[in-house]
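A quick write-up on the structure given underneath.
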Amino acid sequence: MELVRHILERAIENQGCASSAAKICITIIEKEMKETFLESLLNTCQQWYQNYNKQFQHFTTYHQLSAFMIFLNEMYCQLKRRQLQLKMQRESISPGRVLLSLLWKCCNDCLHPPIISSPVETSCLFFILTCIGKDLAMELPTQLQELLASVRDAFLNEDTTPPTVRKTLLQLIELHAAHWQLPAPAVIYYYPGSTKLNT
């Protein structure tokens with residue numbers, strides 16, 4: 001528990017450490033026999049999110065959420081990439097599904113005030129959904145539809161959503177419509193400098 005807590009704290013304190021912290025966790029998970037570390041990690045992540053939600057109303061900074069999301073996403077992608085078919089013994093639920101559910105909750109939080117006013121968090125949201133959008137559609141289709149409805153509502157709300165954020169949300173809407181793979185014209189629209197690099 002102490003090791004899990006220390007790793008998670010480092011990952012959240014410094015966003016640059018999130019990816020490395022996830023890789024360390026995966027290495028430990030692959031070597032352990034009883035999945036004690038894995039279960040502790042998932043429980044700690046769920047507890048951190050619950051505590052974050054309780055404290056959120058009393059804090060004005062929320063940069064830790066992005067680091068937490070990047071850590072969860074890296075954990076999920078590593079588990080998937082290595083095809084670790086693990087199930088927590090007591091709950092009979094796959095760790096991947098637990099991580100996906102947590103990521104969905106975090107993504108949903110990014111779409112509501114005051115976080116929706118932050119381009120940094122919105123960019124993180126876009127990155128995460130680019131990585132897990134297809135998996136959410138397969139594993140948690142109802143939750144994904146709820147999330148997309150929140151994306152639409154935030155995009156339409158000009159009072160609380162800045163123009164830069166609205167552009168990212170529009171790109172997210174188009175990305176989903178294109179089955180999580182933007183067509184070339186859309187890429188050129190959102191990233192006009194990319195065509196110059198390719199010529």
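Here is how the numbers come out for the structure above:
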quantity: Straight-distance crosslink candidates among lysines, where the alpha carbon sits under 23 Å from Lys80 and sequence neighbours closer than 8 are dropped; calculated: Lys23, Lys31, Lys34, Lys105, Lys134
quantity: Within the chain: Cβ-based charge dipole about Cα centre, in debye rounded to nearest 20 (Lys, Arg +1; Asp, Glu -1); calculated: 440
quantity: Net charge, Ala177 excluded, C-beta distance under 15 Å - Lys, Arg +1, Asp, Glu -1; calculated: +1
quantity: J(HN,Hα) series, the range 135-152, from Karplus relation 6.51 cos²θ - 1.76 cosθ + 1.60, nearest Hz, glycine and proline x; calculated: 5, 4, 4, 7, 8, 9, x, 5, 5, 5, 5, 4, 5, 5, 5, 5, 4, 4
quantity: Heavy-atom accessible area order for Val4, Val120, largest first, 1.4 Å probe; calculated: Val120, Val4
quantity: For the range 88-190: relative contact order, % (alpha-carbon pairs under 8 angstrom, 6 or more apart); calculated: 28
quantity: Net charge over other residues, Cβ less than 15 angstrom from the Cβ of Lys23 (K, R count +1; D, E count -1); calculated: +3
quantity: With Cα atoms, 0 to 90° folded angle of helix 36-56 axis to the chain main axis; calculated: 50
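The values are calculated or read from the model by the stated rules, or taken from the named source; none is laboratory data. Quick caveat: nothing in here was measured; it's all calculated off a predicted structure. When we count neighbours, we look across all protein chains shown, and the Cβ atoms used for this are built from the backbone with ideal geometry, even at glycine. These area figures cover heavy atoms from the full protein model, side chains too; ligands, DNA and RNA do not enter into them. Shrake-Rupley method; radii C 1.70, N 1.55, O 1.52, S 1.80 Å.
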